[in-house]
Amino acid sequence: MAKLKAAETARSDWRHLFCCRTLLPLVFSALVLLLNAEPARGQVFQLEGGTSTMYQAHGGSVAFRAANYDGWVGLGSLDGFRLGAFVRTKVHGLNLGFGDDTIPFRMATDVFDSSHYFLGRGIGVGEVRGPTRLFGFVGATSLGVGTPFFRGAQTDKGVGLFFMDRQLTPTLSAFSRTVISDRQTAINGLEWQPRSGLRTAIAGGLGANRGYFASSLTAEREWFTLKAAYVRADHEFRRLTVQQPLSSEMDRENILVILRPKPYLTLSAGRQNFLQPLTQERTGIRGTVNQYLASVTAARFTFGGAIFDSHVVGTRSTGTSLSVGRSFYDRLQVNGNYLWNHTSQGQSLSSWLGTFRETISPRLTLLQLVNNSQGRTNISFGGEVVSNRIAISVEYQTLYLPFQTGNQFKQAIVLNLRLHPFGNVHMNVGSFVAPDGTVKYTAYAGTFLYHGALAGTPQSSAIALDRYIVRGRVVDEEGKAIRGAALRVDGDFVFSDSAGEFFVRKRKPATFRLEILPDQFLVPGKYELVSAPSSVRAAPDDLAKEVTVVLRHVRGATR
């Protein structure tokens, strides 16, 4: 026991030494040099700070951008003092990153879930040499923490990695993923794309010292989509041994078929097997989900139905979902949902939800929700007011709180407020009702500052914000905004705000991969993806179209 404690103490000391004496001084040295390099060319700073009783956090951050670098620094208190920083620049064709970065870990066989990633604290180097893309990283994995107004991290395990992707022929490419840590990973594979819409891949090797094999097939046409994969993974397989996020892996046979025989009809059926790690050290559990879905649009009505059949650790569950919705003259949207769930232990749950949304004007929307579950009916009222200077979203709810003593019914106002009082200043206030009935608040504010040419100095080489933008909104199935959702747009990490909105600026009008990162959400509970585009396109401000990401809150689940 004494030896184990000594080993753990040594690891903790190493993490502290690496973070405080090596990495962070390097990051801040790079930051100081970059901020003082050619200041006349212009630098943009975004300052944010706030406090939250929901996250039990206080802190702030500074994001910065100039012609040849960008990054951020965050510090605050969230379960202890947290500090994070990241700087990205380009030197002689090399893409350099210093500090706390989100590193994708994707493979061509990931046809069902391409959002695998890990949080790293160290130095990353990327380069493109003709048909070859290279990336290397040395440092440590990290445990990330975050709020809408600051991000931080804590050093975990030492790690080094090397990723390579190479186009061998116009239709054939190869990839390699190598990780050196307390457990080793070495996975290599090939991808073949004989024509547009048809793709197959194969991969094999070791993941965390455990065997791994995967194969996949994707076929896409206007009227159908086919995704299939077969994976053999040991129950202790990991791409990388990290404490977070513990992402599930595909396992054994997986298939999804989507048919679109008519513009108004969509049918789909699928079977997926998952290997879900419980903790970093414990082995994972396996689960199977069969799903059958259909949707029909006719006479301005939208009908939907779904059946789910799952098997996890000896328990079988069956779920059914039915929905109907209709729009009336673009002023009134009515939706109804019925949910039923039954387990092999004999438990059955059912609920229904009615949503009524009236659009009084482009700036004023009213909302009413009626929910019945387990013999209890909740009625909620809300609405949204939007103007150039202010946006308010209010819901009045009557809630039943089983953990509260005395009167277990509580009336609460759930508020989201955004202000732009003057200039570049923005303020945000949001509230959330906790399971014990207490109302938690989050408040933060921010602004933009300019240095150099942007501050008014007459220079011919002034810099502006990137011209092209990707913008979107994250909502639930009733259209309600979801704040604190984590997304990644081609490597740029972003959270949705209190109105569910997010945006990322880009230097080129290109198409970028969009990923949803449920394990990094800032809001309590667990969410699953209903629909979202796999890619988004950056466009000028006045032409950029808003993309919509729809999520479903998994009741009773926690992260």
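The values are calculated or read from the model by the stated rules, or taken from the named source; none is laboratory data. Note that the coordinates shown come from a computational prediction; the quantities given were computed from them, not determined experimentally. As a convention, Cβ positions derive from the backbone with ideal geometry for all residues, glycine included, and neighbour counts pool all protein chains shown. The area values use the complete protein model at the heavy-atom level, side chains included, leaving out ligands, DNA and RNA. Shrake-Rupley method; radii C 1.70, N 1.55, O 1.52, S 1.80 Å.
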| task | Could you pull out every one of the aspartates and glutamates with an alpha carbon less than 15 Å from that of LYS262, ignoring same-chain neighbours closer than 8 positions? | result | GLU222
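Suppose all protein chains stay in the model; what accessible area per residue would a 1.4 Å probe give for the stretch 473-512, in Å²?
For the stretch 473-512, the solvent-accessible area averages 37 Å² per residue.
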| query | How big is the charge dipole of the stretch 63-149 about its Cα centre, in debye rounded to the nearest 20, if each Lys and Arg gets +1 on its Cβ and each Asp and Glu gets -1 on its Cβ? | reply | 280
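On the protein heavy atoms, probe 1.4 angstrom, tell me the percent of accessible surface of the stretch 249-344 carried by carbon and sulfur.
Reported share for carbon and sulfur atoms: 64 percent.
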| Of the accessible area of the stretch 155-247, with the probe set at 1.4 angstrom, what percent is carbon plus sulfur? | 57
| Cα gyration tensor shape of the stretch 78-129, rounded if a/c is under 1.5, else prolate or oblate by comparing a/b with b/c | oblate
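Based on the Kirkwood radius over alpha-carbon pairs, what is the Stokes-Einstein translational diffusion coefficient of the stretch 84-211 at 37 °C with 0.692 mPa s viscosity, in µm²/s?
205
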| note | With 0.36 nm assigned to each residue of separation and the Cα-Cα distance removed, TRP192 to LEU364 gains 56.8 nm
| request: Arrange the residues ILE255, ILE123 by how much accessible surface each exposes, largest first, with a 1.4 angstrom probe. | output: ILE255, ILE123
| field | Mean projected area in nm² (Cα convex hull; one quarter of hull surface) for the stretch 267-336 | value | 6.8
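Starting from the Cα gyration tensor of the stretch 240-383, take the square roots of the eigenvalues, sort them a ≥ b ≥ c, and report rounded, prolate or oblate (rounded when a/c is under 1.5, otherwise prolate if a/b is larger than b/c, else oblate). Don't jump to the answer; show the numbers that get you there.
On the way: a/c = 1.96, a/b = 1.67, b/c = 1.18.
Prolate, since a/c reaches 1.5 and a/b exceeds b/c.
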| remark: A chain fully extended from HIS342 to PHE308 at 0.36 nm per residue, minus the present Cα-Cα distance, gains in nm 11.2 nm
| said: Beyond a 30 Å Cα-Cα separation, which of these cross-linked pairs lie in this structure: LYS440/LYS480; LYS440/LYS506; LYS440/LYS526? | reply: LYS440/LYS506
| Segment ALA299-HIS235, length gained on full extension (0.36 nm per residue, minus Cα span) | 18.1 nm
| remark: For the stretch 103-143, shape from the Cα gyration tensor axes a ≥ b ≥ c, cut at a/c of 1.5 then a/b versus b/c, turns out oblate
